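Written below as structure tokens is the structure these notes are about.
Derivation of every value follows stated rules applied to the coordinates shown; laboratory data play no part. The model shown is predicted, which means the values in this text are computed figures rather than measured ones. Neighbour counts run over all protein chains shown; Cβ positions are idealised from the backbone, glycine included.
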Amino acid sequence: MENVRWTTASRSDTGTSGKVQHVDEIYHRFILYAQQQIRQFVVDEMNKPIIHKLMAYFSANQGACRTMNVDPKKGLLLMGPVGCGKTTIMKLCQNFFSKKAFQIVASRKISQQFAGEGYSALFRYGSQSYRIKHLGYGPIVFYDQPITYCLDDVGVEPFAKHFGNDCNVIAEILLDRYEEFVNRGLITHLTTNLDAQAFTQRYHQRVRSRLREMCNLIAFPTEIPDRRK
């Protein structure tokens, strides 16, 4: 999967041309797009319901969202075993849909940035996750345009140190993004191999509780095979 050259779907493929499209139609277009991008992309009973939910979410089809119990005003928390396709599907959605743009960043990379840069890395992905404008003088001006991040592979990042200060980087970012979600509707997506218990142990109940409010939980079956094999 690492060598895939991702291409962006045309606007007519995304259901954003102005008319409301049925989710089943978007689903079939998405599968066609996915198999054009990745010849070995597998659709089966394990991931078909997951993909349907994501189509409802990203198309913001209100009827389908209600039926599938998905809130389009929240982010996504994709949980599932290693190799089940979480990151691949999110990358496909990132390129297929144009209205709900988001950036994917590896949690391990954020932890490394904190070790090198310090707390500016936390601000970048947390409370200052907005587009900025340099006026050429004075302070930076933050646009009122939030950046939606997908924090990828949450749970594999090491606890980071900056000049001897320990920090649970992802926990701090999620707490900051929660405040922005409450105050300004900032959206956050995550993928993780951790189950709910392991997630709570690593990031504590405080973060887990806020994620219930911030995100739609979409869990892959625990018995799904590793697609990389």
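Brief remarks on what is shown
- Pairs from the table (Lys48/Lys74; Lys48/Lys73; Lys74/Lys99; Lys48/Lys99) lying more than 18 angstrom apart at Cα are Lys48/Lys74; Lys48/Lys73; Lys48/Lys99.
- Extension gain, Thr148-Asp44: 0.36 nm per intervening residue step, less the Cα-Cα distance, totals 34.5 nm.
- Modelled spin labels at Gln35 and Lys99, positioned 7 Å past Cα toward Cβ, are 2.6 nm from each other.
- Label zone at Gln197 (point 7 Å along Cα-to-Cβ), backbone N below 17 Å, the range 213-229: 222-223
- When peptides 146-153, 185-192, 112-119 are sorted by average Cβ neighbour count within 10 Å, with the highest value leading, the order is 185-192, 146-153, 112-119.
- Alpha-carbon radius of gyration plus Dmax, which is the widest Cα pair, for the range 11-219 in Å: 17.8, 57
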